1. Could you please give the count of residues in the range 191-223 that are farther than 12 Å from Asp261 by Cα and out of contact with any Lys or Arg (no Cβ under 6 Å at 6 or more places or on another chain)?
2. Return only the number of the condition from (1) buried (at least 24 other Cβ atoms within 10 Å of the Cβ); (2) assigned to a helix (DSSP H, G or I); (3) out of contact with any Gly (no Cβ under 7 Å at 6 or more places or on another chain) that Trp420 does not satisfy.
3. Can you name the number of the only condition in (1) of a type in the set (Asp, Glu); (2) surrounded by 15 or more Cβ atoms within 10 Å (Cβ to Cβ); (3) closer than 30 Å to Pro379 by Cβ that Asp262 fails?
4. Scan the range 230-262 for residues that are within 15 Å of Asp210 (Cα to Cα), in contact (Cβ under 8 Å) with a residue 40 or more places away in the chain and charged (D, E, K, R) and jot them down.
5. Among the numbered criteria (1) over 25 Å from Gly443 (Cβ atoms); (2) over 12 Å from the mean Cα position of the chain (by Cα), which one does Tyr271 miss?
6. Criterion first (at pLDDT 95 or above, of a type outside the set (A, V, I, L, M) and either within 18 Å of Val191 (Cβ to Cβ) or out of contact with any Leu (no Cβ under 6 Å at 6 or more places or on another chain) (or both)) does Gly348 satisfy it?
7. Select from the range 232-252 the residues that are in contact with a Lys or Arg (Cβ under 9 Å, 6 or more places away or on another chain), over 18 Å from Thr316 (Cβ atoms) and part of a loop (DSSP other than H, G, I, E, B) and list them in ascending order.
8. Quick check on this structure: which one of Thr237, Thr206 is of a type in the set (Ser, Thr, Tyr), in the same structural domain as Asp263 (by TED's automatic domain parsing) and over 23 Å from the mean Cα position of the chain (by Cα)?
Amino acid sequence: MAKRVIAVVTAGLATVSMGLSFTSAAGAAPESSAANPSGLKLIKTKTSLLGKHFWYQQTYKGLPVINGYYARHVTKGGGVQIADGRDAVPASLDVTAKVPSATATKSANAAVAARAARARIAGPEKDVTPVPTATDGAAQLAVVGGPNARLVWNVTSRSAQGVTRSLVDAKTGSLMESKVISDHADGRGIVFDPNPVVSERNEKLTDQDDADTDELFPAHKSVVLRNLAGNGKLEGTYVNIVAAKGGVAESPNNRFLYYRDDDRFEQVMAYYQVNQTQEYIHSLGFTEVNNESQDFEINTYAGDNSFYDPSTDTITMGEGGVDDGEDAEVIWHEYGHAIHDDVVPGYGESLQAGAIGEGFGDYWAVTMSVPVSRNFDLPCVMDWDATSYTSTEPHCLRRTDTGKTTDDIVNQVHDDGEIWSHALWDIHKALGRNKANKVILEGTFFYAPDTSFADAARVTVQAARLLYGKAAAAKVTEAFQARKIL
């Protein structure tokens, strides 16, 4: 039965009724006055310029009725308007579930994952399958009203398409409905991927004060910006540009098409590259590795440096030399710090923990470059950014293949980080990109805030053993032994 809506306007002693008759949740005619019918739960009260608005959720035996609503709009003059969106529910409907919530959640998520995989817009260099997330308590019992009234599990999932609501019959387990309920949108942008030195395979390129030169123009790449909130800003599921030199980029049609001579270019870079990172992390099966909209401030620091601030959970990209936001490896490195801070609260309380953080950031930049770099000197970190402060070729801030061991510790986190990044890079080569990153990220969950090289290595080996068996654990152990960590 279609919903019926009635509006009642009361002014003084006169009452005017407009609309149609309607049935209550139990199928009987509700009260004729503006008083609230039974079976409603007040969920929101709002005040506007003209009055107050009371929104109610229709319930049946304490369970919410999907899409069942009732609203009272009380004007300042005393008028009352009623919006009734309740559905009829038979009094005999049994609300005892036969299908467990876990079964319903698994069924719903399988459908969401399959649809996200079919619908994704991704180039072959970023071919990932976003995996939905269903947190504890995501499945809730509810009722669907109308002629086919029934008890359902209302399952909320997340995927690269956004937030999805699935309705699973609580008696039979059949999937009744699955639809995206969030307002995410796709947009277009222009980026370097990962940076001009790599994409053009040219160590001779220079910054030239942000000029869009003939040599640098071919490095620009048109991309799809997924998971945007659709509010005309670079804000989405995994990234939020909160501040930027010259103002935050805005586009009513979500087309953020700027070249490097425009300060907004680096905002697009941060959005695109971090979104790519999170889609990749989700493809590995992780749903709680900085799974949030990470705040970025772009070109707001005049120096040639970028940093992650754990006190505000914000990444700031500097504009000294080559604008740091022009090099995806700088973005990925800083995002590595945000990953550690998210997974291990208070991370970095010891010198070696700090070195692990720097080493992981370098490694993460390199592993994220693998699909787009065509094997161009992969262990070289931040090839483009480094052109402004290095004179020798190749231009690298640091490398992940220096050969350093714990014999070379100098108690400086960036230098000592090369010991850790080399170990991770060897694991990458031994296990392959995806297996290595599953092992490395899983091990991170067991770090202490003040972890040491040895302790972090041991939990990483354990993660390899549990995920992939003794042979994989042996390869990980060998990588750490080669750096004299174990």
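1. Going through the range 191-223 one residue at a time, the tally reaches 21.
2. (3)
3. Asp262 satisfies all of (1) of a type in the set (Asp, Glu); (2) surrounded by 15 or more Cβ atoms within 10 Å (Cβ to Cβ); (3) closer than 30 Å to Pro379 by Cβ except (3).
4. Correct list: Lys245, Arg260, Asp261.
5. It is condition (2) that Tyr271 fails.
6. Values: at pLDDT 95 or above: no; of a type outside the set (A, V, I, L, M): yes; either within 18 Å of Val191 (Cβ to Cβ) or out of contact with any Leu (no Cβ under 6 Å at 6 or more places or on another chain) (or both): yes.
So Gly348 fails the test.
7. Once the filter is applied, which keeps residues that are in contact with a Lys or Arg (Cβ under 9 Å, 6 or more places away or on another chain), over 18 Å from Thr316 (Cβ atoms) and part of a loop (DSSP other than H, G, I, E, B), the range 232-252 yields Thr237, Ser251.
8. Being of a type in the set (Ser, Thr, Tyr), in the same structural domain as Asp263 (by TED's automatic domain parsing) and over 23 Å from the mean Cα position of the chain (by Cα) holds for just one of Thr237, Thr206, which is Thr206.
The values are calculated or read from the model by the stated rules, or taken from the named source; none is laboratory data. Keep in mind the model is a prediction, meaning the values are calculated, not measured. Don't worry about glycine lacking a Cβ; one is built from the backbone with ideal geometry, like all the others, and counts go over all protein chains shown.
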